[in-house]
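The values are calculated or read from the model by the stated rules, or taken from the named source; none is laboratory data. Worth saying up front: this structure is predicted, and the values here are computed from it rather than measured. Note that each Cβ is placed from the backbone with ideal geometry, even for glycine, and that neighbours are counted across all protein chains shown.
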Amino acid sequence: MSVRVEINKLVKNFEKVEALKEISLKVEEGELFGLIGPDGSGKTTLFRLITNLLVQNNGTIKVGDYDSRKDFKEIRKITGYMPGRFSLYHDLSVEENLNFYAHIFNTTLKENYHLIKDVYSQIEPFKKRKAGDLSGGMKQKLALSCALIHKPELLILDEPTTGVDAVSRKEFWELLKKMQKTGITIMVSTPYMDEASLCDRVALMQNGNLLALETPENIVNQYSGDLWQLSTSNMIKIIVDLEGVGNGIKNIFRFGEKVHITSSGIEFEELNKTIIDFLEPKGHENIIIEKVEPQIEDCFLDLMDEN
Amino acid sequence: MWPFIKKEFFHIFRDIRSMVILFGMPVAQVLLFGFAITTDIKDVDIAILDNSKDNVTMELSNKLVSSGYFILNENLKSNDEIEEAFQKGKIKEVVIFENDFAKKLKKEGRADVQLILDASEPNTANMISAYTTGIISTYSMEYIKRNQNIPVAIITETKMLYNPELKSVYMFVPGVITIILMLVSAMMTSISITREKEVGTMEAILVSPLKPIQIILGKVAPYILLSFINLIVILLLAKFVFAMPLNGSLVLLLAESILFISMALALGILISAISKSQQQAMLLSMFALLLPTILLSGFIFPIENMPVILQLISHIMPSKWFIIILKNIMLKGVGMEYFWKETLILLVMTIFFIVMSVKKFKLRLE
Amino acid sequence: MEENNIIIVENLFKKFGNFTANNDLNFVVKSGEIFGFLGANGAGKTTAIKILSGLSKPTSGKVIVAGFDVNTQSNKLKQNIGYMSQRFSLYDDLTVKENFRFYGGIYGMSAKNIRLKTEALLKRLDMLNYKDMLLKKLPLGWKQKLAFSVAVMHDPAIVFLDEPTGGVDPITRRQFWELIYEKSSEGVTIFVTTHYMDEAEYCQRVSIMAEGKIEALDTPSNLKKQFNVNTMDEVFVKIARKVN
């Protein structure tokens, strides 16, 4: 069972701050939908509006046939919500937390054990341990179990992987993929750009705006310009030294050990020469430039730059 | 509902700090407040039973009333009316002049005045009796001068009612009960609700299908029980450590306490609705509830000595009415017929705050 | 060679009861280096950083930071390091200038020195116009950049950065790293933890901790070669999975 979510021209202001500026998007039934963006881009606000923890200034949200303002009680019944910071009782044990969340949704752990078995079985050996003593990855799994216990049709996860190490993050995404196969609609937000490629479709958000609303492949395909990767013998000073290189180069960003350069309208030979001529007098050696495929983060940087 | 309440108990029992506040405070407070605090008097309501009605007693009565310390509330006609006058609650002292006062003073050189005091507030009672005696002896000096220096004596005899040994602990126990119930009910609930807001668990509860009233009940139920246990502990301490009698009905006392506890819980929920952090809830409870309870309820400082504005404010302090009720039950041992008004006021306040708190309790984050 | 090592850790153990948080750590950090300190949650990173910055004492082992022994000279040590974490930020209800003045005061800087440093650092951030603004009015990324500037205001020999860029947008994160490179080129040693694996590649050398031990320590490119993978992310996952 799953529902679709339709968001139409949603506006939310906090006093003078515009947290969401006329956002419209649709999440299909059974889709794994990602909201990608840094802190303050409006992800949490959007989730709180869907669950009606906040009320919008304008626009509508429909979850299935329910309107978020009129039928919020119905929406809450079919929604599993995992707030940022996980929302666990640190002084209660793993089992006590689960029992409590089962209770407030009028069910029991026993009755719905099968729903959360995949997730819960990984932390069940520690069920007597206090939630506060769990590692980040385990807390995250417990919180997910709590959000799933009442068989929701829509699962909303607010930054489930923030502050969690790379391995736990991977495991968590594997779990989400498994959950998705049961037919549930999943909306998940994250500040990690590399997680975008794991979603069916993503919304890139920045300052309350949608920068893009696409499949990860299309976002990458629509990248404007050519992307190059540059490395030299002195990567520490590279950004400073590249200042003012100009001529057909749109932007320059550090990317891991390398630097990514976006250009438009110039060929490799010309670019190569420009950069080598520019950097060699500044003491750079082994200057290597290669063409690379953009990643989501490149696209985000590009889109941010345009806005 | 039970799992919700059970969880709340886990929170309390696993947190040493709240355990200390819950069970250490009542004992500490009863012991701390076991000593007296000095105060001044002003405009005390008194009644006069004048069995003589001659020029001397009239003059003496005038002196008392015009002194500024006393207000004549009632002229009594017989000894039988004394008890009733006190139980109505306003009068703190009855002054009784014996038969043929002036005649005796003239012929025998001495006459008797009896002072009967409501000693359920021992400091005040002592003070009132001292002031009264002072005014009477000043008058007798004048009398001697006027009558060619023939030595006469007006003998005052003082009798303390309700609290014959003038034990201040009798006075403090009702106050301590009030403070503890306020503390446990209002402060602890407001803190425990705001803690959930802070940790973020409230968000998850709010999106559940629970109704506000269910969330509220789940949060407050443990504190009703704990307040009750505290009440019993204080009563036991009072009885076995300070040998304080409970003159009235225990059932009535417990019933009135439940009323007050409900009121305090509702206040706690209201506070949690307007505060964002545990700290804020704590400060608000301290300044908006605890301090007024201590200062303005007549617990330590007699309300009749306060400026009018504070006296008016004291009327909206639920604790003031609860302390009056407690004193009536515990010290005077009288029944509902003597404090139904106070009870009614408390009931109206309770209903008001409960309605407000359910209304204010938000199912949203704004 | 010894004097070039600003951090020397030998046989460091830290135990909490039966639990060994740091199990025989041995490593050095070279002066002026950007050193990435990685590890899964609960691997013992935070415990080690607390020891290195003089906040807690090792159960046993030798730890020398900036020439001071953490066992006996933790006060002198604290004078010579800077510290910034995602949790420990600046005061929201103070202005930018007031925050600088406060932290400068803590480190015993003279009023004049504080003023000059504040001017210079704010000028670098292009934020001179915001010096009287309350901190809470500024966006997160700005605050993190300011927090870094405050942490290096007293010219420490080494700065500890504990997940300095969590939740910050990708452009600001890169600007933040330029600040780090700038300080590094002035000779300041940078000791940084992060969950962003691309940031691990910004470091000159990284160590990866798992279950209380350092499982790998090298330059990012050597580590990738050693584990025969293309990204640090994969290195990290391989190490963590191996231990589990």
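Here are the numbers for the structure shown:
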read-out	value
Any hit, the stretch A:39-52, residues being under 28 Å from C:GLY166 (Cβ atoms), in the same structural domain as A:PRO191 (by TED's automatic domain parsing), in contact with a Cys (Cβ under 6 Å, 6 or more places away or on another chain) and in contact (Cβ under 8 Å) with a residue 24 or more places away in the chain	no
From the options C:ALA111, C:ALA120, C:ALA157, residue that is in contact with a strand residue (DSSP E or B) (Cβ under 7 Å, 6 or more places away or on another chain) and small (Gly, Ala, Ser)	C:ALA157
Selection count, the stretch C:182-206, where residues are of a type outside the set (Lys, Arg), surrounded by fewer than 22 Cβ atoms within 10 Å (Cβ to Cβ) and more than 11 Å from chain A (Cβ to nearest Cβ)	3
Selection count where residues are in contact (Cβ under 8 Å) with a residue 24 or more places away in the chain, surrounded by 14 or more Cβ atoms within 10 Å (Cβ to Cβ) and within 11 Å of another protein chain (Cβ to nearest Cβ), scope the stretch A:108-134	4
Unique match (being in contact with a helix residue (DSSP H, G or I) (Cβ under 7 Å, 6 or more places away or on another chain), under 26 Å from B:ASN147 (Cβ atoms) and acidic (Asp, Glu)) among B:ASP100, B:ASP50	B:ASP50
Single unsatisfied condition, C:LYS117 versus (1) surrounded by 15 or more Cβ atoms within 10 Å (Cβ to Cβ); (2) assigned to a strand (DSSP E or B)	(2)
Answer from A:THR44, A:THR51 - the residue that is touching a Ser or Thr at 6+ places or on another chain (Cβ under 9 Å), at pLDDT below 95 and more than 14 Å from chain C (Cβ to nearest Cβ)	A:THR51
Leading residue by the ranking (farthest from the other protein chains (Cβ to nearest Cβ)) among those in the stretch C:51-62 that are surrounded by fewer than 17 Cβ atoms within 10 Å (Cβ to Cβ) and free of Cβ contacts under 8 Å to residues at least 40 places away in the same chain	C:LYS57
Residue pairs meeting the criteria (Cβ under 6 Å; at least 6 apart or on separate chains; first at negative phi and free of Cβ contacts under 8 Å to residues at least 24 places away in the same chain, in the stretch B:334-363; second surrounded by 18 or more Cβ atoms within 10 Å (Cβ to Cβ) and among the β-branched types (Val, Ile, Thr))	B:GLU342/B:ILE324; B:GLU342/B:ILE325
Selection count where residues are within 14 Å of another protein chain (Cβ to nearest Cβ) and buried (at least 19 other Cβ atoms within 10 Å of the Cβ), scope the stretch C:26-42	10
Which listed residue, of A:ILE219, A:ILE186, A:ILE252, A:ILE236, is β-branched (Val, Ile, Thr) and in contact with a His (Cβ under 8 Å, 6 or more places away or on another chain)	A:ILE252
Filter result (acidic (Asp, Glu) and under 23 Å from the mean Cα position of the chain (by Cα)) within the stretch B:52-98	B:GLU83, B:GLU84, B:GLU93
Scope the stretch C:96-109; condition of a type outside the set (Phe, Trp, Tyr) and surrounded by fewer than 19 Cβ atoms within 10 Å (Cβ to Cβ); matching residues	C:LYS97, C:GLU98, C:ARG101, C:GLY105, C:ILE106, C:GLY108
Candidate set from the stretch A:54-105 (those that are surrounded by fewer than 21 Cβ atoms within 10 Å (Cβ to Cβ) and of a type in the set (Gly, Ala, Ser)); member that is modelled with the lowest pLDDT	A:GLY84
Qualifying residue in the stretch A:215-233 (condition: under 24 Å from C:GLU201 (Cα atoms), charged (D, E, K, R), in contact (Cβ under 8 Å) with a residue 60 or more places away in the chain and buried (at least 20 other Cβ atoms within 10 Å of the Cβ))	no
Residue among B:GLU256, B:GLU198, B:GLU203 that is within 22 Å of B:MET19 (Cβ to Cβ) and touching a residue at least 12 places away in the same chain (Cβ under 8 Å)	B:GLU198
Filter result (assigned to a loop (DSSP other than H, G, I, E, B), closer than 18 Å to A:ILE186 by Cα and among the β-branched types (Val, Ile, Thr)) within the stretch A:43-91	A:THR51
Residue match in the stretch C:72-93 (condition: surrounded by 19 or more Cβ atoms within 10 Å (Cβ to Cβ), under 19 Å from C:GLU211 (Cβ atoms) and either at pLDDT 90 or above or within 14 Å of another protein chain (Cβ to nearest Cβ) (or both))	no
Every residue from the stretch C:152-181 that is within 12 Å of another protein chain (Cβ to nearest Cβ) and among the small types (Gly, Ala, Ser)	C:GLY166, C:GLY167
Every residue from the stretch A:172-189 that is within 13 Å of chain C (Cβ to nearest Cβ) and either surrounded by fewer than 20 Cβ atoms within 10 Å (Cβ to Cβ) or within 23 Å of A:GLU22 (Cβ to Cβ) (or both)	A:TRP173, A:GLU174, A:SER189
Selection from the stretch B:352-366 of residues that are in a helix (DSSP H, G or I) and either surrounded by 14 or more Cβ atoms within 10 Å (Cβ to Cβ) or among the charged types (D, E, K, R) (or both)	B:PHE353, B:ILE354, B:MET356, B:SER357, B:VAL358, B:LYS359, B:LYS360
Unique residue being under 26 Å from B:GLU342 (Cα atoms), surrounded by fewer than 18 Cβ atoms within 10 Å (Cβ to Cβ) and modelled with pLDDT under 85 when the list is B:LYS88, B:LYS106	B:LYS88
Residue within the stretch A:231-238 that is part of a helix (DSSP H, G or I) and within 14 Å of chain C (Cβ to nearest Cβ) present	yes
Residue tally, condition hydroxyl-bearing (Ser, Thr, Tyr) and exposed (fewer than 15 other Cβ atoms within 10 Å of the Cβ), over the stretch B:257-312	1
Residues (more than 21 Å from B:ALA85 (Cβ to Cβ) and not in a helix (DSSP H, G or I)) located in the stretch B:301-337	B:PHE301, B:MET306, B:PRO307, B:ILE316, B:MET317
Number of the condition not met by C:VAL229 [criteria: (1) more than 25 Å from C:PRO156 (Cα to Cα); (2) within 12 Å of chain A (Cβ to nearest Cβ)]	(2)
In the stretch B:35-51, residue farthest from the other protein chains (Cβ to nearest Cβ) [restricted to those that are surrounded by fewer than 16 Cβ atoms within 10 Å (Cβ to Cβ) and at pLDDT below 80]	B:LYS42
Members of the stretch A:54-107 found to be at positive phi and away from chain B (no Cβ under 11 Å), listed by number	A:GLY59, A:GLY64
